[in-house]
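Chemist: Sharing a structure with you now.
What follows is calculated from the coordinates using simple rules that are stated; it is not laboratory data. What you see is a predicted model; the values in this text were computed from it and never measured. We place every Cβ from the backbone using ideal geometry, glycine too, and count neighbours over all the protein chains shown.
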């Protein structure tokens, strides 16, 4: 025994990404991402010119590490937007960067397209990329720090500390991963992982589906976390096999790794919880809202709209009709999910109930389409509920699981999905 | 050299987990119209803010400031008002990375939101690692920036940093 403590998953992944020598939380490093992922974020179109003119970079280092996703403002609504898309397509062609054009919401497509490699280090402009952590990938949103990843082979960062949350038990029927995230925020606070990695562990990981894990890890920022990561189960490793773009040894935390905090959570205690306006930190019990009227439902986004969300919604809505006057927008989060939903008959059930079904796009999540007007109240499985996020600043957005969205669509008011799951 | 920061506490966002997108409202941000965003900034908090703020001012934040899914425009508008720094109890990581990369000074300082009154005159003493409150005559130690954060602060942001490195 050397007496040297063990390492967390994050420390191990970053150690490999910066050359192989062990690293510890708090250490400043230059790390080479395995994958650099992006959508068309502000100023991106000007970026190729910028890196050539200002930084002298004419070719990307290992363009196979890069992935571009056209997912916002899809389908385009004007010629200016289409010109931007065309410019990005052309740039990707010149640089040899793979582009995922209209295939769905980028973080979800990334998980389908082999970027979710257990043990890999990935970066994106956007923090919801944390959902690749469901597969044991350390995936971090670095905002405009992404320019550094385009301009040179490594990025400067400090190795983050980790908070471990050990799960036990099983979620009740009609209770979903979104509720689990809200449960943790309610119990430990909206900053309990501030600037740290939220690591999921425990026997209950086996009871959660990959969709559950992806939803949960995709919401990590609402705990203040840098990202989230789950110890890869056999199910995850089997899923990754054959899909992964690169082969890496899966990574697990050592039993004696050092954690900033070590928390536990019993899944059986989780109940439907809602993030009420104006912030995802404002968690209330669904029971406090039951019966209050609603006008609009949105089932989609990078943290919902997966096949299990659609199955749950179809189970609730099959053979029923959405309350007259209530609008339900359902947006499968990728083309592959939409195809699967169609093959399973879910699309038919949802449409027959009165749902408006859209092809995959980010646009509903920020009100570019399906916008709310003043005074309207929406139940959404999307990402954010700040004023104006989905239209008027005088509309109210409540965030909940796909089950709550579907049950509320039937009744036109907040409804508990539990009764739809009673045997 | 680290930037010189001395100015008034122009606003104190005391609540924890403050989402900076609320400064503009997302409906205004969606417009991508700088003048519209600037005209409506801070209306939910202080309708006189645009008249009162001046170059060199500082914003004070609570814990986990920048919570949620922060976007660039709110603090870009604040910079256009002349705001030079944000000092907060703690920051959410995505917000912090984005603003430091933009060259905007962000300082973590426990106790700052409780001990500072609006319009207090503050100064950052980088060498001593203290925030000096010249109005109250007190001071607070702040959390030392990491090496990478110091580099960004010294160079004035990521673009300036990358321009200073031979990347060819």
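Chemist: Along the Cα→Cβ direction, 7 angstrom out, place labels at residue B:123 and residue B:79. What is the inter-label distance in nm?
Modeler: Modelled inter-label distance: 2.6 nm.
Chemist: Say R0 is 60 Å: what FRET efficiency, to the nearest 0.05, do residue A:268 and residue A:94 get from their beta-carbon distance?
Modeler: 0.65
Chemist: OK, next. Would you please report the Å³ per residue occupied by the convex hull of the alpha carbon atoms in the stretch A:25-167?
Modeler: Per residue, the Cα convex hull of the stretch A:25-167 comes to 115 Å³.
Chemist: Still on this structure, please answer the following. For a Förster distance of 35 Å, can you work out the FRET efficiency between the beta-carbons of residue A:254 and residue A:422, rounded to the nearest 0.05?
Modeler: Details: r = 44 Å, r/R0 = 1.25.
Between residue A:254 and residue A:422 the formula returns 0.20.
Chemist: Suppose R0 equals 35 Å; then what is the FRET efficiency for residue B:47 and residue A:82 from their Cβ-Cβ distance, rounded to the nearest 0.05?
Modeler: 0.35
Chemist: Roughly what % of Cα-Cα distances in the stretch A:219-365 sit above 20 Å, to the whole percent?
Modeler: Working: 6980 of 10731 pairs.
Above the 20 Å cut-off, the stretch A:219-365 has 65 percent of its Cα pairs.
Chemist: So how far apart, in nm, are the two label points at residue A:359 and residue A:292 if each is 7 Å from Cα heading toward Cβ?
Modeler: 3.7 nm
Chemist: Next question. Is chain B rounded, prolate or oblate when judged by the Cα gyration tensor, a ≥ b ≥ c being the square roots of its eigenvalues, rounded requiring a/c under 1.5 and prolate requiring a/b larger than b/c?
Modeler: Working: a/c = 1.60, a/b = 1.05, b/c = 1.52.
The shape class here is oblate.
Chemist: Label the protein assembly as shown by shape, choosing from rounded, prolate and oblate, from the square roots a ≥ b ≥ c of the eigenvalues of the Cα gyration tensor; if a/c is under 1.5 it is rounded, and otherwise prolate applies when a/b is larger than b/c, oblate when it is not.
Modeler: Verdict is rounded for the protein assembly as shown.
Chemist: What base-10 log of the normalised intensity I(q)/I(0) is obtained for the stretch B:51-137 from the Debye formula, alpha carbons as equal point scatterers, at q = 0.11 Å⁻¹?
Modeler: Computed log10 I(q)/I(0) values: -0.29.
Chemist: While we're on this one: How much length, in nm to one decimal, is gained on full extension between residue A:261 and residue A:342, taken as 0.36 nm per residue of separation minus their Cα-Cα distance?
Modeler: Using 0.36 nm per residue and subtracting the Cα-Cα distance, I get 24.8 nm.
Chemist: Sticking with this structure for a sec: Antiparallel versus total DSSP beta bridges in chain B: what percent is that, nearest 5?
Modeler: Once the DSSP bridges in chain B are tallied, antiparallel ones form about 45 percent.
Chemist: Mind running the shape call on the stretch A:318-423? Use the C-alpha gyration tensor, a ≥ b ≥ c as the square roots of the eigenvalues: rounded below 1.5 for a/c, prolate if a/b tops b/c, oblate otherwise.
Modeler: oblate
Chemist: In whole angstrom, how far apart do the alpha carbon centroids of the stretch B:26-71 and the stretch A:293-372 sit?
Modeler: Cα centroid to Cα centroid, the span is 34 Å.
Chemist: Roughly speaking, what is the stretch gain from residue A:24 to residue A:245, that is 0.36 nm per residue apart minus the C-alpha to C-alpha distance, in nm to one decimal? Could you put the intermediate results ahead of the total?
Modeler: Values: separation 221, 0.36 × 221 = 79.56 nm, distance 2.75 nm.
The residue A:24-residue A:245 span can extend by a further 76.8 nm.
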